[in-house]
Amino acid sequence: MVNQHLILFDLDGTLAPLSRPIPETALIAIKALQDQGHIICIASGKPLYYLTGLCRQAGLRFVWLIGENGATLQKDVALPPRERLRLPISAAAVAACEQIRKDAVATFGDHIWFQPNEVAVTIFFDTAETQQAIREWLDIKENWLSENQLIIFPHNDSFDISPAHIDKGKAILKLLDYLGIDQKRSIAVGDTWNDVPMFEVCAEAIAIAFPEAKMATHHVADLDSAFDCIKTLL
């Protein structure tokens, strides 16, 4: 397909409300884009196993998945995956992630739990008080995190802690190269700070209710408006 685009969607807050399924209207719109020959990718802080199950339940096939904010990539929902890509991750970064996980357990005990990631550390909390305590704890560890090249993406329900050289933008560049698609034919849709690297590398960036994203080329109020915007760009 001459005009084939790679169209990328964040999951939580973008394709679906937090902890809710993808709406039927969004699934219909995605499948329509696929029928036109475009490649769909879901890029999330969630691990690949979660995204795989979500897409299976939603009936989404032939999609690319980017998990853990860029650390892991795979094609489609088959397990083992048909095609799989990885960004290079140093042993030092892996060790630092393991250390921050151990420190969090020692500090917060049963008040937290972890998303079962392959690389990054995602900390969930039980109460707003624990959330604030984690935020303050991470502030105290700011220098250590910087020295060990870890970056934090705070969310309403969790904190993602990832190697600083891993993000959605770098994963997208790797995927574009692998697929042989020109960067000029890439569109990203997102709603929060861990989507900024997507916005920075894609030719068109659609921010949903995220006015702070100054680098976005388009700002819309909701997902339906984002799909309308995509139609005008293709």
Residue under question is ALA96, and the condition is that it be within 17 Å of MET198 (Cβ to Cβ), in contact with a Leu (Cβ under 6 Å, 6 or more places away or on another chain) and of a type in the set (Gly, Ala, Ser); does it hold? no
Among LEU60, LEU65, LEU85, which is touching a strand residue (DSSP E or B) at 6+ places or on another chain (Cβ under 9 Å), farther than 23 Å from ILE230 by Cβ and either in the same structural domain as GLY13 (by TED's automatic domain parsing) or outside any helix (DSSP H, G or I) (or both)? LEU85
Being over 19 Å from LYS231 (Cα atoms), surrounded by 16 or more Cβ atoms within 10 Å (Cβ to Cβ) and free of Cβ contacts under 8 Å to residues at least 60 places away in the same chain is the filter here; which residues of region 178-199 pass it? VAL196
Evaluate region 203-212: report whether one residue or more is in contact (Cβ under 8 Å) with a residue 40 or more places away in the chain and in a loop (DSSP other than H, G, I, E, B). no
Checking GLU147 against (1) exposed (fewer than 13 other Cβ atoms within 10 Å of the Cβ); (2) within 30 Å of PHE227 (Cβ to Cβ); (3) modelled with pLDDT under 95, which single condition isn't satisfied? (2)
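Residue by residue, here is whether (1) in contact with a strand residue (DSSP E or B) (Cβ under 7 Å, 6 or more places away or on another chain); (2) farther than 16 Å from SER162 by Cβ; (3) at pLDDT 95 or above holds:
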| residue | (1), (2), (3) |
| --- | --- |
| LYS102 | no, yes, yes |
| ALA106 | no, yes, yes |
| GLY109 | no, yes, yes |
| ILE112 | yes, yes, yes |
| ASN117 | no, no, no |
| PHE124 | yes, no, yes |
| THR127 | no, yes, yes |
| GLN132 | no, yes, yes |
| TRP137 | no, yes, yes |
Please verify whether VAL94 is of a type in the set (A, V, I, L, M, F, W, C), within 20 Å of the chain's Cα centre (by Cα) and under 19 Å from PRO154 (Cα atoms), treating the condition exactly as stated. no
Looking at (1) more than 20 Å from the chain's Cα centre (by Cα); (2) under 22 Å from ASP157 (Cβ atoms); (3) not assigned by TED's automatic domain parsing to the domain that holds PHE153, can you tell me which one THR72 breaks? (1)
Just to check your reading of the model, which residue among ARG61, ARG101, ARG82 is within 19 Å of LEU11 (Cβ to Cβ) and of a type in the set (Lys, Arg)? ARG61
Residues that are among the aromatic types (Phe, Trp, Tyr) and not assigned by TED's automatic domain parsing to the domain that holds VAL105: which helices (runs of 4 or more DSSP H) entirely in region 124-189 hold 1 or more of them? 168-179
Flag for LEU15 being in the same structural domain as ALA221 (by TED's automatic domain parsing), aliphatic (A, V, I, L, M) and within 18 Å of ALA188 (Cβ to Cβ): yes
Would you confirm whether any residue within region 158-168 is surrounded by 22 or more Cβ atoms within 10 Å (Cβ to Cβ), aliphatic (A, V, I, L, M) and within 30 Å of CYS229 (Cβ to Cβ)? yes
Pairs where the first residue, in region 105-117, is farther than 12 Å from ALA133 by Cα and the second is loosely packed, with under 13 Cβ neighbours inside 10 Å, C-beta under 9 Å, 6+ apart: ASP110/ASP126; TRP113/ASP126
Taking the residues in region 200-218 that are of a type outside the set (Gly, Ala, Ser) and in contact with an Asp or Glu (Cβ under 8 Å, 6 or more places away or on another chain) as candidates, determine which candidate is surrounded by the most Cβ atoms within 10 Å (Cβ to Cβ). ILE208
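The values are calculated or read from the model by the stated rules, or taken from the named source; none is laboratory data. Just so it is clear, the structure is predicted and the values come from calculations on it, not from any experiment. Every residue, glycine as well, gets a Cβ built from its backbone with ideal geometry; the counts of neighbours run over all protein chains shown.
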